[in-house]
Amino acid sequence: MVKNINFSQREHSFYIHSEPDGSSKGEMRTYHLHDDFEIYFLIKGERAYIVHNIHYPIKEQSLVFINRNIAHKTATLNNHNYYRIVMNFRESFIPQHALYLIDILFSKSPTVVTLNDQDTMRFSQIVEILLYEYNERQCESSLYIQALLIQLLILSKRLYEKQSDSSSNIYHNQPSEVLISRVMKYIYDQLEKDLPLQQLAKEFHISEQHLCRQFRRWTGCTVVQYINAVRVNEAKRLLIETDEYINTISKKVGYSNHAHFCRVFKQHLGISPSTYRDKHRIKG
């Protein structure tokens, strides 16, 4: 098992969780990543959002947008209790004509949007209905949730664009962080290909030693651990959402050797790909 980073895989295209009485002792000990997009709505209290070892202080009445497959965690700030709601959704949950909202809000994550009292009330009303529909699972709940999520994204996009000229609402990336963010995006985009360290270093015009050192510094894991983590995460999604043969999936996520794929998969999850599919496959 990889010790530096945890991997989350949700079975549904949309997920929402409320934590109204978060303790100041609440601390994520390790980074985690997932293959869906995350919206973190901090209603009360203060938290630190940590991405690539950079601490972003988040005050109450804020929204944080985190891109998929970006290692992150949260931590306490000023020992305050907090109230937060986390939403995760897959790209497939958003209709094609609305995907531009994801590009705007998530491409430079972490994107932080601050809310005034009126905004907070408006967003809280939307989220309250989202929670109800998610938990009750009534007829048309999925469609209603999709509509509400798009409404939330549109409102967030408008606020973000208003605030984008304010330096207090923009986090300027440091050069090393920019480099590692580009490397992580490249890995995700080229996942089906062989990704040796030598090739990555050449692609970004740096030495292998520098790449390894900076990658571990900003992510807490090695390049190889991260590549395997993203590949396993993508394999999990394909095992659940498609009927493709496991051998085909292993090639799609970058493993030319089927036995090696199964070995890495089992190292991360403790079970084989076929057993994982049997346990987690969504019944039609």
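Just so you know, all these numbers are worked out from the coordinates, no wet-lab data involved. Source: prediction; values computed, not measured. FYI the Cβ positions are ideal-geometry reconstructions off the backbone, even for glycines, and counts take in every protein chain you see.
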Subject >> Dimensions (Å) - segment 175-280, Cα atoms, principal axes, largest first >> reply: 44, 22, 21
Original post:
Pulled fully out, how much extra length does the chain show between E203 and Q151, if you take 0.36 nm times their separation in residues and subtract their Cα-Cα distance?
Top reply: 14.8 nm
Subject >> For K251, net neighbour charge (Lys/Arg +1, Asp/Glu -1) across residues whose Cβ lies under 14 Å away >> reply: -1
Original post:
Ranked highest first by the average count of other Cβ atoms within 10 Å around their residues, in what order do 211-218, 265-272 fall?
Top reply: 211-218, 265-272
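Using R₀ = 30 Å, calculate the FRET efficiency as 1/(1 + (r/R₀)^6) where r is the Cβ-Cβ separation of R158 and T248; round to 0.05. Provide the component values of the computation, followed by the final result.
Working: r = 42 Å, r/R0 = 1.41.
After rounding, the FRET efficiency stands at 0.10.
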Subject >> Label-point separation in nm, N135 to H12, each point 7 Å along Cα→Cβ >> reply: 1.2
Subject >> Partners for K279 among lysines (Cα-Cα distance below 26 Å; same-chain residues under 8 apart left out) >> reply: K3, K236, K251, K252, K266
Original post:
How many nm is it between the label spots at H210 and Y83, if each spot is 7 Å from the Cα in line with the beta carbon?
Top reply: 4.9
Subject >> Gap separating the Cα centres of segment 250-273 and segment 106-167, nearest whole Å >> reply: 37
